[in-house]
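Report on the structure given below.
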């Protein structure tokens, strides 16, 4: 699924997106911004590498970081929730991980933790997933950014189908 088709999905379902990116370093937002007309479907994008930035800008709990590590679905979940807080966005995509080239803190290079947050019927619902990609750092970032976008419609459909 291309960035353009994800944007079409957002438009068709009256959704607005925010991103909270660590390991993908803004690549998700960059993929979307290349598509003409994307500005009406994008609220904001955070690029937060340090634990302090995650805490300060997205309200990620220091306890969550200490307990689960920066590369965890729990941190990604709080990043997504933080991106949606006080925002008109209705969808948030968050990434945190180890793109490589080396393993870090016992976590294999290529490991990315994702969260997709949705505001639906005035409630926040978050889906998470951990995936290990192969390739060099740039390849892992690209694969993770594309994967993050491709899953937006998948999880949104699940949410809509289970809520009716």
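Every number here is computed from the coordinates shown, using simple stated rules; none is lab data. Because the structure is a prediction, the values reported are computed rather than measured. Don't worry about glycine lacking a Cβ; one is built from the backbone with ideal geometry, like all the others, and counts go over all protein chains shown.
If you stretched the chain out fully between residue 43 and residue 66, how much longer would it get, using 0.36 nm times the residue separation minus the C-alpha to C-alpha distance? Intermediate values should be presented prior to the final figure.
Numbers: separation 23, 0.36 × 23 = 8.28 nm, distance 2.98 nm.
Using 0.36 nm per residue and subtracting the Cα-Cα distance, I get 5.3 nm.
Computed from label points 7 Å out along Cα-Cβ, the spacing between residue 123 and residue 14 is 2.0 nm.
Angle of helix 137-163 to the longest C-alpha principal axis of the chain, folded into 0 to 90 degrees and rounded to 10: 50°. Over the residues of the chain, the helix contribution to mean residue ellipticity at 222 nm works out to -13500 deg cm²/dmol, using -39500 (n - 2.57) for each DSSP H run of at least 4.
Taking every alpha-carbon pair within the range 60-164, the share separated by more than 24 Å comes to 26 percent. What shape does the range 105-156 take by its C-alpha gyration tensor, where a ≥ b ≥ c are the square roots of the eigenvalues and a/c under 1.5 counts as rounded, a/b above b/c as prolate, and the rest as oblate? Because a/c hits 1.5 or more and a/b exceeds b/c, the range 105-156 counts as prolate. The angle between the Cα long axis of helix 73-84 and the longest principal axis of the Cα atoms of the chain comes to about 40 degrees, rounded to the nearest 10.
Can you give me the convex hull volume of the Cα atoms of the range 78-124, divided per residue and expressed in Å³?
On the way: hull volume 3.5 nm³, N = 47.
Here the figure is 74 Å³ per residue.
In percent, rounded to a whole number, the relative contact order of the range 3-163 is 23, using alpha-carbon pairs under 8 Å and six or more apart.
In this label model, residue 137 and residue 5 are separated by 3.1 nm, measuring between points 7 Å along each Cα→Cβ vector.
Provide the gained length on full extension for the span residue 56 to residue 159, in nm with one decimal, where the gain is 0.36 nm per separating residue minus the Cα-Cα distance. Please report the intermediate quantities before stating the final value.
Values: separation 103, 0.36 × 103 = 37.08 nm, distance 2.94 nm.
Separation in residues times 0.36 nm, less the Cα-Cα distance, equals 34.1 nm.
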